[in-house]
Amino acid sequence: MKLLFATHNQNKVAELNRLVPSYINLFSLTDINCNQEIKETGKTLEENAKIKADFIKYKYGLDCFADDSGLEIEALNGAPGVYSARYAGEEKNNDSNIQKIWTELEKKNTSACFRSIFYAHLGSKTYCFEGRVDGNIIFKKKGKGGFGYDPIFIPVGYDKTFAELGDIIKNKISHRAKATQSLLDTLSRL
């Protein structure tokens, strides 16, 4: 089975390739020579995922899914949320994003969650899947794995950041892993 993941983010593609069974051939926007950046103009993760999936479905006619994921921090009223990748600016610099969070959080309540929304066009139907993992922000980067905010996020029930836990554990408990499992459950029924 071929399935298009409507993203240019190769970190996300690699992560999902570790999550899907071998009978699913996951490919990205780069693989179909779609070099256009799809503007994420939505105000929610759900809206952005839908924008990307709709663009691919209506332009290329392909079954696909798109995601939008974000870190939501309780003390920052859910920020950075939909702006997670570009929280400190359009250059999407992970270190700058982390520094901005630390500055704004100032050791307040560090409760946070990662959420991932998948919006899918499969056949003639559309689906929306959500994955969520709760945790806390720390004020020192730990670990070399993962990407984005992984070095400062410790999931509930663990004493290590996503960047320290490694792919095997992260791919069982992460927000993206949970959304992927919901997608796979639906695919198995089609």
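For this structure, a couple of remarks:
- For the options Ser69, Ser22, Ser111, a Gaussian network treatment of the chain with springs between C-alpha atoms closer than 10 Å singles out Ser22 as fluctuating the most.
- For GluC sites (Glu not before Pro), the sites in the range 84-131 that DSSP calls loop and that have at most 13 other Cβ atoms within 10 Å are Glu90, Glu91, Glu106.
- In order along the range 154-169, phi translates into HN-Hα couplings of 10, x, 4, x, 10, 10, 10, 6, 4, 5, 8, 5, x, 4, 4, 6 Hz, rounded to whole numbers, per the Karplus curve 6.51 cos²θ - 1.76 cosθ + 1.60 with θ = phi - 60° and x for Gly and Pro.
- Sorted fewest first by neighbouring Cβ atoms within 10 angstrom, Cys128, Cys64 come out as Cys128, Cys64.
- 3J(HN,Hα) along the range 102-109, derived from phi through the Karplus expression 6.51 cos²θ - 1.76 cosθ + 1.60 where θ = phi - 60°, amounts to 4, 5, 6, 6, 6, 6, 6, 3 Hz, with x in place of Gly and Pro.
- Low-density loop positions, chymotrypsin sites (Phe, Trp or Tyr not before Pro), the range 1-76 - DSSP coil, at most 11 other Cβ in 10 Å: Tyr23
- Ranked for footprinting exposure by Cβ neighbours inside 10 Å, fewest first, Val13, Val82, Val156 give Val156, Val13, Val82.
- Trypsin sites (Lys or Arg not before Pro) within the range 80-143: DSSP coil, no more than 10 neighbouring Cβ in 10 Å: Lys107, Lys140
- Going through (i) 0.96; (ii) 1.24; (iii) 1.01, the figure that equals Rg/Rh (Cα atoms, Kirkwood Rh) as computed for the structure here is (i).
- Taking the helices alone, the chain has a mean residue ellipticity at 222 nm of -10000 deg cm²/dmol, built from -39,500 (n - 2.57) per DSSP H run of at least 4 residues and averaged over all its residues.
- Among Gly70, Gly157, Gly135, the largest mean-square fluctuation in a Gaussian network model of the chain (Cα springs under 10 Å) belongs to Gly157.
- Using C-alpha pairs under 8 Å with a sequence gap of at least 6, the mean separation divided by the residue count of the chain gives a relative contact order of 18 percent.
- Cβ charges +1 (Lys, Arg) and -1 (Asp, Glu), total dipole of the chain, debye: 260
- The lysines whose alpha-carbon is closer than 18 Å to the alpha-carbon of Lys107, local same-chain residues fewer than 8 away aside, are Lys140, Lys141, Lys142.
Throughout, read-outs are computed from the coordinates displayed, never taken from laboratory work. Keep in mind that what you see is a predicted model, and the values were worked out from it rather than measured. No Cβ is skipped: glycine too gets one built from the backbone with ideal geometry, and neighbour counts run over all protein chains shown.
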